[in-house]
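Presented below is the structure to which this report refers.
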């Protein structure tokens, strides 16, 4: 049987990076439960870019207001603990096919790219606070961190 993988959405990374975030405890519990169940936790370059964008954006603009140095420290922590799903031609081609298959438009193109990476790399589920964003993609399963609450 193959390895069991789970992609972490950017909204998970953001909450995991700030131990004072109101959702930090539920995210940490979900990550621990996934690891205890033998799941390998993954990220993509897109996730890290979205994390960096929100982390370095000023707080008055709904960001964390971190310096690039502070964002880099947190990003390095993710990179050391998670598996990177690399971008490649197959991910691009799958993404393009999903855009057409599911009639994706607007900001949802980013979620389609994550779904494409999951499909190409054999990752069946994504941990996210925004399960509805992935509901259209029958090839993947979105799970909310609350599903792991004790």
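Read-outs throughout are calculated quantities, based only on the coordinates presented, and are distinct from any laboratory measurement. This one's a predicted model, so the numbers in the text were calculated from it and none came from an experiment. Don't worry about glycine lacking a Cβ; one is built from the backbone with ideal geometry, like all the others, and counts go over all protein chains shown.
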Förster radius 25 Å - calculated FRET efficiency between residue 101 and residue 130 (Cβ-Cβ, nearest 0.05): 0.80
With only helices counted (DSSP H, runs n ≥ 4, each -39500 (n - 2.57)), the per-residue ellipticity at 222 nm for the chain, to the nearest 500, works out to -15000 deg cm²/dmol
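Using DSSP, restrict attention to beta bridges with both residues in the chain and report what percent are antiparallel, rounded to the nearest 5.
Working: 0 of 11 bridges.
Beta bridges within the chain, antiparallel portion: roughly 0 percent.
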Please report, to one decimal in angstroms, the Kirkwood hydrodynamic radius of the chain built from all distinct Cα-Cα pairs. 15.8 Å
Whole Å is fine, so just give me how far the alpha carbon centre of segment 1-50 lies from that of segment 93-130. 18 Å
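Based on other C-beta atoms within 10 Å, arrange 6, 42, 131 from fewest to most. Please report the intermediate quantities before stating the final value.
Working: 6 23, 42 20, 131 15.
Ascending Cβ contact count within 10 Å gives the list 131, 42, 6.
Rounded if a/c is under 1.5, else prolate if a/b is larger than b/c, else oblate: which is segment 18-69, with a ≥ b ≥ c the root eigenvalues of its Cα gyration tensor?
Numbers: a/c = 3.42, a/b = 1.68, b/c = 2.04.
Judged from the Cα gyration tensor, segment 18-69 comes out oblate (a/c at least 1.5, b/c at or above a/b).
Determine the gain in length on full extension of the stretch residue 59-residue 18; use 0.36 nm per residue of separation and subtract their C-alpha separation, reporting nm with one decimal. Walk me through the numbers on the way to the answer.
On the way: separation 41, 0.36 × 41 = 14.76 nm, distance 1.34 nm.
So the chain would gain 13.4 nm between residue 59 and residue 18.
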Can you give me the distance in nm between label points at residue 92 and residue 77, each placed 7 Å from the Cα along the Cα-to-Cβ direction? 3.4 nm
